[in-house]
Amino acid sequence: MPIKRILVVDDSPTELYHFTQVLQANGYEVMTAGNGEEAIEMATSQQPDLVLMDVIMPGINGFQATRKITRDERTKHIPIIICTTKAQETDKVWGMRQGACDYLIKPVQRSDLLGKIRALG
């Protein structure tokens with residue numbers, strides 16, 4: 001299934017802007033959420049083709065939100081790429097165990113991001 005609609009989840013307005021600009025310039029429809037709770041709600045109601053998930057956020061963090069989305073019957077088909085500053089190998093392993101299909105370290109390179117998205121579509 002081609003990826004067209006992407007939900008970007010980050011509590012940083014700067015990061016949301018950056019991801020939105022890159023994705024829209026490459027033809028993707030972008031939705032944004034500022035925290036984990038909003039991400040879970042939007043994944044359920046909007047059914048995006050992909051979620052780009054930050055980890056460090058207030059309230060429900062990205063690992064918890066990823067786990068909830070990937071274990072819910074209504075949303076488990078939605079792939080999640082974690083995009084975070086948490087660069088330890090243990091973080092990556094933990095993120096993948098929560099259900100993420102990939103893991104990118106910020107600052108995310110445009111070519112890496114677009115390559116990962118194309119590989120999923």
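Computed from the coordinates by the stated procedures, all read-outs in this text should not be read as laboratory data. Computed from a prediction, not measured in an experiment: that's the story for all the values here. Cβ sites come from the backbone with ideal geometry, for glycine too, and all protein chains shown count toward neighbours.
What to note about this one:
- Estimated distance in nm for a label pair at Thr14 and Leu120, the labels positioned 7 Å out from Cα along Cα-to-Cβ: 2.5 nm
- Legend: ranking of residues Cys101, Cys83 from fewest to most surrounding C-beta atoms inside 10 Å; resulting order Cys101, Cys83.
- Between Ile56 and His77, full extension at 0.36 nm per residue minus the direct alpha carbon distance yields a gain of 5.2 nm.
- Cβ-placed point charges (K, R +1; D, E -1), dipole of region 5-120 about Cα centre in debye, nearest 20: 360 debye
- Packing-based exposure ordering (other Cβ within 10 Å, fewest first) of Val22, Val93: Val93, Val22
- Neighbours of Ala119 by Cβ distance under 14 Å: Lys/Arg scored +1, Asp/Glu scored -1, total -1.
- Along its first, second and third principal axes, ordered by size, region 1-99 spans 33, 31, 23 Å in Cα coordinates.
- Take every Cα pair under 8 Å whose residues are at least 6 apart in sequence, average their separation, divide by the length of the chain, and the relative contact order is 24 percent.
- Simple spin-label estimate for Ala25 and Glu89 in nanometres, 7 Å along Cα-Cβ: 3.5 nm
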